Amino acid sequence: MEPMHDEHVNVTPLIDVIMCLIIFFLVAGHLAKETNIKSIIIPRANYSLEMADQDGRLPINIVPAGTSDAVPGAPKDPATLYMEPEVWIRGQRQPMADLAVYLRKEKKETPNIKIILRADQDVPYQWIAPVLVACAQADIKSVNFSTRDQ
Amino acid sequence: MMERKAGSGPNMTPMVDVVMCILIFFMLGSEFLVPEKLLASDLQTLSAGSVGGEILNQPVPAVRLVLKLERRGDVTWLAGSDGTLLAMDKAGKPDPAVAAFLSGKKSALSATAEVIISPGSRVPYQDVISVYDGCVSARFKQVAFSPAGKVVE
């Protein structure tokens, strides 16, 4: 009697590929969470472009006080907008007063650093200006405003 | 010789079902992220002691257009150094009237004209970006931001 052949489809390569995809999405999602705060509603613009050169990117997230864990699009208390916002860089909260020192160190380590400024559209300019000044003090010329299409 | 029975290995079907569900979940989750683009700028760097001051080693532009932004109630007003006064759109998006104004100024001014955006401390970031977006669309080459509350003449 001849040995019986296994009539089932071999799903092992399929599972391998799917597992790789899941790990990819998990890691990508984790990295995205670490660098970007999701509760920020970035401003709209018509003439923004995609950044071709990804080297030296440093996203700076500016979130209205106490809203970094809020659901995206949740209504904001107008009073919080005029309080000092939270500044998040690489998943760590940074005091705004120490930003110039922090950025100087980053500039020393990465000379071609490019700042990606991710600020909420409702944050008043009084809290944006100190970040721009800190970049200028750290001798960082490339400051890019993160925007979304209309 | 031992016979191999059909389907003697573990049943992978439930595992494949679950793994497929997880994969679809992550794929859809990543779809919902808003694609972000960038408005690039080149800041003029300053020494620590000269923040908000004049930059002395820059070539003097032929024309300087100062755009002051002020918040009154829930409206942002744009006042140009040429006497223009515009109430910006409250819709929270780039204002076509601002873009049209800046485009008109660009064609009237010299190629080396410099724009200084001077927002008041209460002006929302969206309105600052709307004006900067208008400058980019009008192809102004020199655009600078003044620190909040710093009066630029």
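Close amide H partners of A:Asp120, meaning residues 5 or more places away or on another chain with modelled amide H under 5 Å apart, are A:Ile62. Placing dummy labels 7 Å off each Cα toward the beta-carbon, the span from A:Lys38 to A:Ile23 is 2.4 nm. In terms of overall dimensions, the range B:64-145 has a Cα radius of gyration and Dmax of 11.5, 36 angstrom.
For the range A:37-143, GluC sites (Glu not before Pro) are listed when DSSP marks them as loop and at most 12 other Cβ atoms sit within 10 Å of their Cβ; the list is A:Glu50.
Using the Cβ-Cβ distance between B:Cys21 and B:Ala111 with R0 = 41 Å, the FRET efficiency computed as 1/(1 + (r/R0)^6) comes to roughly 0.10. The gain in end-to-end length when the B:Ser81 to B:Lys141 segment is fully stretched comes to 19.8 nm, 0.36 nm per residue minus the alpha carbon separation.
No value in this document is a laboratory result; all are computed from the given coordinates. Note that this is a predicted model, so its numbers are computed, not measured. Neighbour counts run over all protein chains shown; Cβ positions are idealised from the backbone, glycine included.
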